[in-house]
Amino acid sequence: MRILQVSTDKDRLDIELIHRFLSEEAYWSRGIPREVVERAIEGSLCFGGYLDGRQVAFARVVTDGATFGYLADVFVVPEHRGRGHSRTLMAAVIAHPKLQGLRRFTLATLDAHGLYASFGFATPARPETLMEKFDPDIYAKAPSGP
């Protein structure tokens, strides 16, 4: 079995692949404009997963590098799932030096609780203290702005 190589080099990212997956396949970002994906990548610590130099996985963390991190847009393309690549990708995320010592590291998922629990994520200890402003239809109704 080939081992996924993980890199944080943004120059290696296949923006077309990332945008296509996020806009067409991901339940959380369907219809997301490419320029929004590009801005998200620019403002995040990104992890590309590669097999034979070709990107097959992605994750990004929005962080201040000191107190807080938000894990987002984690995926492995369908034809490479079931081979442990998500675990390899997550191990690289969790081990990254800029993500050590964070007071809070969060994420949202509908279907990968087991994966994230194996890396120490859990339901919020005090959910009553958390709030959000959530608009799941934002990409369907609003043009992206600066």
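The values are calculated or read from the model by the stated rules, or taken from the named source; none is laboratory data. Remember, predicted model here, so these are calculated numbers, not experimental data. When we count neighbours, we look across all protein chains shown, and the Cβ atoms used for this are built from the backbone with ideal geometry, even at glycine.
State whether one or more residues within the range 56-78 are part of a loop (DSSP other than H, G, I, E, B) and in contact (Cβ under 8 Å) with a residue 40 or more places away in the chain. Yes, some residue in the range 56-78 is part of a loop (DSSP other than H, G, I, E, B) and in contact (Cβ under 8 Å) with a residue 40 or more places away in the chain. Residues in the range 128-135: is at least one out of contact with any His (no Cβ under 8 Å at 6 or more places or on another chain), among the polar types (S, T, N, Q), under 29 Å from residue 2 (Cα atoms) and without any contact (Cβ under 8 Å) to a residue 40 or more places away in the chain? Within the range 128-135, not a single residue is out of contact with any His (no Cβ under 8 Å at 6 or more places or on another chain), among the polar types (S, T, N, Q), under 29 Å from residue 2 (Cα atoms) and without any contact (Cβ under 8 Å) to a residue 40 or more places away in the chain.
Residue-by-condition table, conditions (1) touching a Phe, Trp or Tyr at 6+ places or on another chain (Cβ under 8 Å); (2) closer than 21 Å to residue 101 by Cβ; (3) of a type in the set (Phe, Trp, Tyr):
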position: 19; (1), (2), (3): no, no, no
position: 28; (1), (2), (3): no, no, yes
position: 32; (1), (2), (3): yes, no, no
position: 46; (1), (2), (3): yes, yes, no
position: 75; (1), (2), (3): yes, no, yes
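Residues that are of a type in the set (D, E, K, R) and touching a residue at least 40 places away in the same chain (Cβ under 8 Å) were ranked within the range 1-38; the one that is farthest from residue 57 (Cα to Cα) is 35.
Taking residue 110 as the residue in question, decide whether it is among the hydrophobic types (A, V, I, L, M, F, W, C), within 17 Å of the chain's Cα centre (by Cα) and assigned to a loop (DSSP other than H, G, I, E, B). When the stated conditions are applied, residue 110 passes them. Consider the range 84-107 and keep the residues that are in a loop (DSSP other than H, G, I, E, B) and either in contact with a strand residue (DSSP E or B) (Cβ under 6 Å, 6 or more places away or on another chain) or at pLDDT below 95 (or both). The one that is farthest from residue 21 (Cα to Cα) is 102. Candidates 54, 30, 81, 103: the one that is surrounded by fewer than 16 Cβ atoms within 10 Å (Cβ to Cβ) and in contact with a helix residue (DSSP H, G or I) (Cβ under 8 Å, 6 or more places away or on another chain) is 30.
Scanning the range 57-71 for residues that are farther than 16 Å from residue 8 by Cβ and either hydrophobic (A, V, I, L, M, F, W, C) or modelled with pLDDT under 95 (or both) turns up 66, 68. Within the set 116, 139, the sole residue that is surrounded by 14 or more Cβ atoms within 10 Å (Cβ to Cβ), assigned to a helix (DSSP H, G or I), at pLDDT below 95 and not hydrophobic (A, V, I, L, M, F, W, C) turns out to be 139. Just one of the numbered conditions (1) under 24 Å from residue 135 (Cβ atoms); (2) touching a residue at least 12 places away in the same chain (Cβ under 8 Å) is not true of residue 47: (1). Residue 3 fulfils the conditions (1) among the β-branched types (Val, Ile, Thr); (2) in a loop (DSSP other than H, G, I, E, B); (3) at pLDDT 95 or above except for a single criterion, (3).
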